[in-house]
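Enquirer: Let me begin by handing over the structure; questions about it come next.
Nothing in this text is a laboratory measurement; each read-out follows from the coordinates by a stated rule. Because the structure is predicted, anything quoted here is derived from the model rather than measured. A quick note on method: Cβ atoms are made from the backbone with ideal geometry, for glycine too, and the neighbour counts reach across all protein chains shown.
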Amino acid sequence: MRVMILALSVLGVFLADAAKAGPSMAPRELSASADPATFSEAATRETESQIRLDKRKRRDVQRGLTRIGFDTRVNGRFDKSTRAVIARWQEARGYPGTGFLNPLQHQALLTESVTTAQASGSDKAEDERPARRRGSARHHRRNAGPVGVIGGVVGGVVGGLFGRR
């Protein structure tokens, strides 16, 4: 009975805050010391090649975009969907939305994602986290919706009470 009461109270708290959840759509304050040319110069394939993004650096960009609310697959490839996400990030920050990065935009993106991670209390860097095993029974559900999230919360509470993880 205690488990049911606890699960329902967690559910009530979650549903009360569900409308407020999600990334903020409010524009972020941009640095006053930013060069205005940074915002007017369109990034191209050539400017992005100056950054010399290998697969690891492209994954860092993809993780950074996801961390600040622009979800994309972290696969180390800049395909059409990743280019579209980069363009949305650029437009939201006042850059021309080309889908390509220049060195200054790349640095701004990484700085913003690190700042966001620190503000959210994520002390561990991505590389310090233990690697997930492939083929595991657990699957990461992106955009699971309220039912999946509620089920995960209730399952986590019940599993925690009985010593399962």
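Enquirer: Describe numerically, in nm with one decimal, the distance between label points set 7 Å from Cα along Cα→Cβ at Asp71 and at Ala84.
Expert: Placing both labels 7 Å along Cα→Cβ, they lie 1.4 nm apart.
Enquirer: Hey, another quick one. Could you line up Ser120, Ser113 from fewest to most neighbouring Cβ atoms inside 10 Å?
Expert: Ser120, Ser113
Enquirer: Explain nothing, just the number: relative contact order of region 38-118, from Cα pairs under 8 Å at least 6 residues apart, as a whole percent.
Expert: Across region 38-118, relative contact order equals 41 percent.
Enquirer: For each of Ile5, Ile68, Ile51, count neighbouring Cβ atoms within 10 Å of the residue's Cβ, then give the residues from fewest to most.
Expert: Ile5, Ile51, Ile68
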